[in-house]
Amino acid sequence: DQQVKQNSPSLSVQEGRISILNCDYTNSMFDYFLWYKKYPAEGPTFLISISSIKDKNEDGRFTVFLNKSAKHLSLHIVPSQPGDSAVYFCAASVGEGNNRLAFGKGNQVVVIP
Amino acid sequence: DVKVTQSSRYLVKRTGEKVFLECVQDMDHENMFWYRQDPGLGLRLIYFSYDVKMKEKGDIPEGYSVSREKKERFSLILESASTNQTSMYLCASSFWSGGGEKLFFGSGTQLSVL
């Protein structure tokens, strides 16, 4: 049973607009959440993370929001750029130092110039 | 710069062959992982290792084994390759950052089993 779910497998957005990716989880014990970005023929790269003691974390154009009561997090990319076209994976883990991440299936983002 | 190197980008093997996928990291990380990525299924953990000679099963270990004789090297072994093991294989190493377990991935090995 998948503990981390990413619906809406693909998203197309105009350059300069906002991209919003959603992620839902079922395990209420998760307390660390991460987003990874993957280009074709490359391994995923770490993008941004958030711990459950926060509800927002921002890094440049990327912001992650966490709603613990809804077991939901989202990634906002503002403004979207063509280089953001990639697959984005949501991941979660339980406990500090726990090295076992549960990944979602990924969302394909296409930014149209 | 952080580097995880997988020995092959593309491999073609025959059913029943023994297959070795090698991975080396240069970051002195304790933890190393093997994932496979399949369309519509995302990243699924096969095995991971938290120290030399230590290993733990992931979510889909059947048909695979691993070896970690040195800290920097983690090998994935397919004892008898089957067509359903055709996939993209991703190796990673990681460290705990305080903001979560940060994985660093290699570029992947696309394995085709015929």
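The values are calculated or read from the model by the stated rules, or taken from the named source; none is laboratory data. These numbers were taken from a predicted model, which means no experiment stands behind them. We place every Cβ from the backbone using ideal geometry, glycine too, and count neighbours over all the protein chains shown. Quick note on the areas: whole protein, heavy atoms, side chains included, nothing else; ligands and nucleic acids left out. Shrake-Rupley method; radii C 1.70, N 1.55, O 1.52, S 1.80 Å.
Summary table
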quantity: Listed pairs A:K37/B:K70; B:K13/B:K55; A:K105/B:K53; B:K71/B:K102; A:K68/B:K57; A:K5/B:K71 exceeding 23 Å between Cα atoms; calculated: A:K37/B:K70; B:K13/B:K55; A:K105/B:K53; A:K68/B:K57; A:K5/B:K71
quantity: Chain-alone versus full-assembly comparison, the range B:43-92, residues with accessible loss of at least 30 Å² (1.4 Å probe); calculated: B:L43, B:F48
quantity: Buried accessible area, chains A and B (both chains, 1.4 Å probe, Å² to nearest 100); calculated: 2000 Å²
quantity: Cβ-defined net charge surrounding A:A86, 15 Å radius [Lys, Arg +1; Asp, Glu -1]; calculated: +1
quantity: Listed residues A:D84, B:D28, A:D24 arranged by accessible area, highest first, probe 1.4 Å; calculated: B:D28, A:D24, A:D84
quantity: The range B:4-107, accessible area per residue, ligands and nucleic acids excluded (1.4 Å, Å²); calculated: 46 Å²
quantity: Accessible area in square angstrom per residue, the range A:4-112, 1.4 angstrom probe; calculated: 45 Å²
quantity: Solvent-accessible ranking of A:V109, A:V94, B:V12, largest area first, probe 1.4 Å; calculated: B:V12, A:V94, A:V109
quantity: Hz values of 3J(HN,Hα) by residue in the range A:101-113 - Karplus curve (6.51, -1.76, 1.60), Gly and Pro given as x; calculated: 8, 9, 9, x, 7, x, 10, 8, 10, 10, 9, 8, x
quantity: Phi-based couplings in Hz for the range B:53-68 (Karplus 6.51, -1.76, 1.60; Gly and Pro marked x); calculated: 6, 10, 8, 9, 6, x, 7, 9, x, 5, x, 10, 9, 9, 9, 9
quantity: Separation of the B:N84 and A:I53 label points, Cα + 7 Å toward Cβ, nm; calculated: 4.4 nm
quantity: Carbon plus sulfur fraction of accessible area for chain B, probe 1.4 Å, in percent; calculated: 50 percent
quantity: Cα-based shape type of chain A, given that a ≥ b ≥ c are square roots of the gyration tensor eigenvalues and the cut on a/c is 1.5; calculated: prolate
quantity: Protein-only accessible surface order, largest first, of A:F65, A:F89 at 1.4 Å; calculated: A:F65, A:F89
